[in-house]
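Trainee: I have a structure here, written as structure tokens, and I will follow up with some questions on it.
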Amino acid sequence: MCGIVGFTGTEQAAPILLDGLSKLEYRGYDSAGIAVRDGEKETEIIKEKGKLKVLAEMTNQGKAVKGTCGIGHTRWATHGEPSAVNAHPHSSDDGNVIAVHNGIIENFQEQREKLIKKGYAFKSQTDTEVAVKLIDYYYKKYSQQPIEAIARAMVRIRGSYALCVMFKDFPGEIYCARKDSPMIIGIADGESYVASDVPAILKYTRNVYYIGNMEIAKLEKGAVTFYNIDSEVIEKPLTEIKWDAESAEKGGYEHFMLKEIHEQPKVIRDTINSVVTEGKVHFDSVNLTDEEMQQIELVYIVACGSAYHVGVALQYVIEALTSMQVRVELASEFRYRKMTLNKKSLVIVISQSGETADTLAALREAREQGIKTLGIVNVVGSSIAREADNVFYTLAGPEISVATTKAYSTQLVAGYLLALQFAKARNEIDDEKYQMLLEEVYSIPDKVEKILTDKERLQWFSNKLINVSDSFFIGRGIDYAIGMEGSLKLKEISYIHSEAYAAGELKHGPISLIENGTIVISVVTQTGLIEKTISNMVEVKSRGAKVMAVTTTGNYFLEDTAEFVCYVPQIDPLFAGSLSVIPLQLLSYYVSIGKGFDVDKPRNLAKSVTVE
Ligand code: G6P
């Protein structure tokens, strides 16, 4: 969380920094700041509490700040409340070292005390100010060389960081250091950029370097040099980013979330086409051989947030198609469980950003235990993509809205294709069934498209939820997994209290919360389980709940029980989740905008959770 941007070149830096930060606001938005230097002059630092637009107004969209070298930051507070003092950039008292930081410095208290004994004073409550002053301390104590000072500080710091540092004695230069927090460096003619994520610089360049863990970079106008922790120069390959700049813009939609919902048919199709040719799934790029797939007994799916919900849905799909056992684990729990992993297992980690701290730690734990790992990842070159043994890239493109939609949908479809391929490689389904199921997967994009053309009824129904304070999502099997995602969507952007329950669990407690007017949204697509879920709907309705259902076309009898029914096209029930989730995404979107909230930037959340 937190977004950082840096620029050095011939153009004015402040407008570029503000523009880059606007693409990173999904990472945090409780305060923002920039530090810009005009040649040899003093660096100017402007920072304020609130969203980026406050900073943009203070600086006349950056035009009021002169200079061609600068760093910027948009904050998601960890240490210290959101305030101008705690906002980045932070500076040493004499302005010798100025920096922005993303991550958490775990031993900041200990380092702070040591620095206080050396005569340093602290203005903010942040861990970042400690890093700044530690670098300043080593700079002054030793050779007055930025690389050496940063390297010495890196050895003392525990935790995670992406740091961009400016030194008074080195105008026009930006120094960067990284450990477990994302950061990329872009290069163009006479200009150099650094950012937490690609969309921030996509408008200016597609040529990027991935700075590795415990590495340092020096940015000059149009040039970058990399160093290891021993201050030795190292070479890095330049990578061309394939995403186009427009894909990170709103493209005429009022909000990124709505745009991303509408992009789903395309990105699902792209993800399918990336591995399916001539009616077969080809996993060459994923690098898993049939032999490897045959030997696996157990699959652990490990993820956070919506990616975890994808795992819950995939558990049903994989277990239905193969004899492999599946365990779905929250990464934040998995990483600290003292368990010996099954040697004949595969750990699948699912992550849009590829940077979620807990998911990354879980991946490392699996690798340490010698277990093969597969990442389902969206961001090319991200930490998880680099560290997993195999990678299946979802082709969702840049996802900006904090509440995920298109990344979720592509993860789900990637999981279906994996499940199908496992089943085939292990001879657990015959060719006919394989082809039939593959056809069904192929039909998903068109069916999603169809749901999206008929959203007015949902918009109308969403008005009924605007004044509701509690809601429940119920379902069985895959419908339960989709309910979990629907419930998360609703609570995270509309701030309505919402819980998802396996419908059969209602009677074990939650039904006592049902009273007149409580909203219950029921997902009912799994043939064989429909009657059972209807019984649960009747139970809550008779206690006063207002019931809505999402079901498959043809199940018109649900109108006898539900006040509002939303139909999705027919599809094999294994893949119904890809369709039933769409109305739930739309519903949450309309409720949020109906309540007047900033749907793309919900309070207290950040898109990429790079701290524990
Ligand atoms: C945050 C995002 C969610 C996302 C989760 C995991 O909570 O708001 O949309 O599902 O992190 O992120 P990842 O990048 O690992 O998929």
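The values are calculated or read from the model by the stated rules, or taken from the named source; none is laboratory data. If you're wondering where the values come from, they're calculated on a predicted model, not measured in any experiment. All Cβ positions, glycine included, derive from the backbone under ideal geometry; neighbour counts span all protein chains shown.
Trainee: If residue 581 passes every condition in (1) within 15 Å of the ligand (Cβ to nearest atom); (2) surrounded by fewer than 24 Cβ atoms within 10 Å (Cβ to Cβ); (3) within 27 Å of residue 440 (Cα to Cα) but one, which one does it miss?
Mentor: (2)
Trainee: Turning to a different aspect of this structure: Do we find a residue being within 16 Å of the ligand (Cβ to nearest atom) and either part of a loop (DSSP other than H, G, I, E, B) or modelled with pLDDT under 95 (or both) anywhere in segment 417-431?
Mentor: No.
Trainee: For residue 77, state whether it is over 20 Å from residue 37 (Cβ atoms), assigned to a loop (DSSP other than H, G, I, E, B) and either out of contact with any Pro (no Cβ under 8 Å at 6 or more places or on another chain) or without any contact (Cβ under 8 Å) to a residue 24 or more places away in the chain (or both).
Mentor: Yes.
Trainee: When you scan segment 589-612, do you find a residue that is touching a Leu at 6+ places or on another chain (Cβ under 6 Å), without any contact (Cβ under 8 Å) to a residue 24 or more places away in the chain and either aliphatic (A, V, I, L, M) or surrounded by 24 or more Cβ atoms within 10 Å (Cβ to Cβ) (or both), even just one?
Mentor: No, segment 589-612 contains no residue that is touching a Leu at 6+ places or on another chain (Cβ under 6 Å), without any contact (Cβ under 8 Å) to a residue 24 or more places away in the chain and either aliphatic (A, V, I, L, M) or surrounded by 24 or more Cβ atoms within 10 Å (Cβ to Cβ) (or both).
Trainee: Also, quick follow-up: For segment 520-544, give me each residue that is modelled with pLDDT under 95, crowded, with 19+ Cβ neighbours inside 10 Å and not in a helix (DSSP H, G or I).
Mentor: 529
Trainee: If I ask for residues that are within 10 Å of residue 300 (Cα to Cα) and either among the acidic types (Asp, Glu) or within 16 Å of the ligand (Cβ to nearest atom) (or both), which ones from segment 340-365 would you list?
Mentor: Within segment 340-365, 347, 348, 349 qualify.
Trainee: Among the candidates 89, 82, which residue alone is within 25 Å of the chain's Cα centre (by Cα), crowded, with 18+ Cβ neighbours inside 10 Å and not β-branched (Val, Ile, Thr)?
Mentor: Sole residue among the options that is within 25 Å of the chain's Cα centre (by Cα), crowded, with 18+ Cβ neighbours inside 10 Å and not β-branched (Val, Ile, Thr): 89.
Trainee: Where the second residue is assigned to a helix (DSSP H, G or I) and the first is more than 22 Å from residue 30 (Cα to Cα) and lies in segment 1-18, which pairs have Cβ atoms under 7 Å and are six or more apart or on separate chains?
Mentor: Final answer for the pair search is 7/13; 7/16; 7/17.
Trainee: Taking residue 275 as meeting all but one of (1) touching a strand residue (DSSP E or B) at 6+ places or on another chain (Cβ under 9 Å); (2) under 26 Å from residue 573 (Cβ atoms); (3) within 16 Å of the ligand (Cβ to nearest atom); (4) touching a residue at least 40 places away in the same chain (Cβ under 8 Å), write down the number of the exception.
Mentor: Of everything listed in (1) touching a strand residue (DSSP E or B) at 6+ places or on another chain (Cβ under 9 Å); (2) under 26 Å from residue 573 (Cβ atoms); (3) within 16 Å of the ligand (Cβ to nearest atom); (4) touching a residue at least 40 places away in the same chain (Cβ under 8 Å), residue 275 misses just condition (3).
Trainee: Hey, can you tell me all the residues within segment 372-391 that are over 19 Å from residue 213 (Cα atoms), more than 11 Å from the ligand (Cβ to nearest atom) and without any contact (Cβ under 8 Å) to a residue 60 or more places away in the chain?
Mentor: Scanning segment 372-391 gives a single hit, 373.
Trainee: Additional query: Run residue 397 past the list (1) outside any loop (DSSP other than H, G, I, E, B); (2) within 16 Å of the ligand (Cβ to nearest atom); (3) small (Gly, Ala, Ser) and report the number of the one that doesn't hold.
Mentor: (1)
Trainee: Looking only at residues that are within 18 Å of residue 22 (Cα to Cα), among the small types (Gly, Ala, Ser) and modelled with pLDDT of 95 or more in segment 165-214, which one is nearest to the chain's Cα centre (by Cα)?
Mentor: Here the answer is 195.
Trainee: Examine segment 249-257 for a residue that is modelled with pLDDT of 95 or more and of a type in the set (Lys, Arg), and state whether such a residue exists.
Mentor: no
Trainee: Also, quick follow-up: Does any residue in segment 485-496 that is polar (S, T, N, Q) come within less than 7 Å, Cβ to Cβ, of a residue that is assigned to a helix (DSSP H, G or I) six or more places away or on a different chain, and which pairs are these?
Mentor: Once the first residue is polar (S, T, N, Q) and sits in segment 485-496, its partners that are assigned to a helix (DSSP H, G or I) give 494/588; 494/591; 494/592.
Trainee: Checking residue 28 against (1) crowded, with 24+ Cβ neighbours inside 10 Å; (2) more than 18 Å from the chain's Cα centre (by Cα); (3) more than 17 Å from residue 204 (Cβ to Cβ), only one condition comes out false. Which one?
Mentor: Just one mismatch for residue 28, condition (2).
Trainee: Something else: Would you be able to tell me the number of residues in segment 288-339 that are part of a loop (DSSP other than H, G, I, E, B) and either within 14 Å of the ligand (Cβ to nearest atom) or not aliphatic (A, V, I, L, M) (or both)?
Mentor: Going through segment 288-339 one residue at a time, the tally reaches 9.
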